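What follows is a short report on a single structure.
The values are calculated or read from the model by the stated rules, or taken from the named source; none is laboratory data. Quantities reported herein were computed from a predicted structural model and do not represent experimental measurements. Here the Cβ positions follow ideal geometry from the backbone for every residue, glycine too, while neighbour counts run over all protein chains shown. Ligands, DNA and RNA are excluded from the accessible area calculation, which covers all protein heavy atoms including side chains. Shrake-Rupley method; radii C 1.70, N 1.55, O 1.52, S 1.80 Å.
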Amino acid sequence: TSFMIGILHEHKTADSMSKSLNKFQNKLTAKEYSKLFSLLLTDRGSEFAKPQQFEINIDTGEIRSKIFYCDPMQSSQKPHVENNHIFIREILPNGQDWSHLTQDKINLMFSHINSTPRETLGGKTPYEIFTFIYGKQLADKLNIQEIAKDEVTTTPRLLR
């Protein structure tokens, strides 16, 4: 669907990242969580160095997700993720001070990104495809709202 969400982290650690999944697990029904997070595809960054924290349900001890790692320096193994990152870099260029960011601003950014039509989706937006498949209520639970196409902004001025 090319639908993206983001969580603001103070620290780039496995503990911090896995706590985000725990929050989603608590916010979503078991069925919703399983549909969205049963498979995690990531790079080999230190923030994903403790796979058991991502794979194990903290409440039941059961497997909740399977994490898979791309080979080093092989971003081509997750091209859709890399293509989506282009949108993030348009709004948050590398080297910029990000101390002004809040979770609300991150949600706003991803609402705009998800409301941008994509050629690869036949001119539809990731929001339209996601809500067609999963429903608007699930997008709402993820704090992503639809932005009117003529109001979408994917430049740094969005978060000022």
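The figures follow:
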{"read-out": "The listed residue being buried (at least 17 other Cβ atoms within 10 Å of the Cβ) and under 30 Å from Gln145 (Cβ atoms), out of Ser115, Ser99", "value": "Ser115"}
{"read-out": "The stretch 142-160 residues that are closer than 19 Å to Thr131 by Cα, paired with ones that are open to solvent by 30 Å² or more (accessible area, probe 1.4 Å) (beta carbon under 7 Å, 6 or more apart)", "value": "Leu142/Ile5; Ile144/Ile5; Lys149/Pro117"}
{"read-out": "Condition met for Glu32 (in a loop (DSSP other than H, G, I, E, B), on the phi < 0 side of the Ramachandran plot and either without any contact (Cβ under 8 Å) to a residue 24 or more places away in the chain or surrounded by 18 or more Cβ atoms within 10 Å (Cβ to Cβ) (or both))", "value": "no"}
{"read-out": "Flag for Ser76 being of a type in the set (Gly, Ala, Ser), open to solvent by 40 Å² or more (accessible area, probe 1.4 Å), farther than 25 Å from Ser16 by Cα and at pLDDT below 90", "value": "yes"}
{"read-out": "Test for Ile56: is it touching a strand residue (DSSP E or B) at 6+ places or on another chain (Cβ under 9 Å), open to solvent by less than 60 Å² (accessible area, probe 1.4 Å), of a type in the set (A, V, I, L, M, F, W, C) and modelled with pLDDT under 95", "value": "yes"}
{"read-out": "Positions within the stretch 54-68 being out of contact with any Asp or Glu (no Cβ under 7 Å at 6 or more places or on another chain) and within 22 Å of Met4 (Cα to Cα), in sequence order", "value": "Phe54, Glu55, Phe68"}
{"read-out": "Restricting the stretch 59-73 to residues that are over 11 Å from Leu21 (Cβ atoms) and either within 20 Å of the chain's Cα centre (by Cα) or among the aliphatic types (A, V, I, L, M) (or both), the residue that is most open to solvent (accessible area, probe 1.4 Å)", "value": "Met73"}
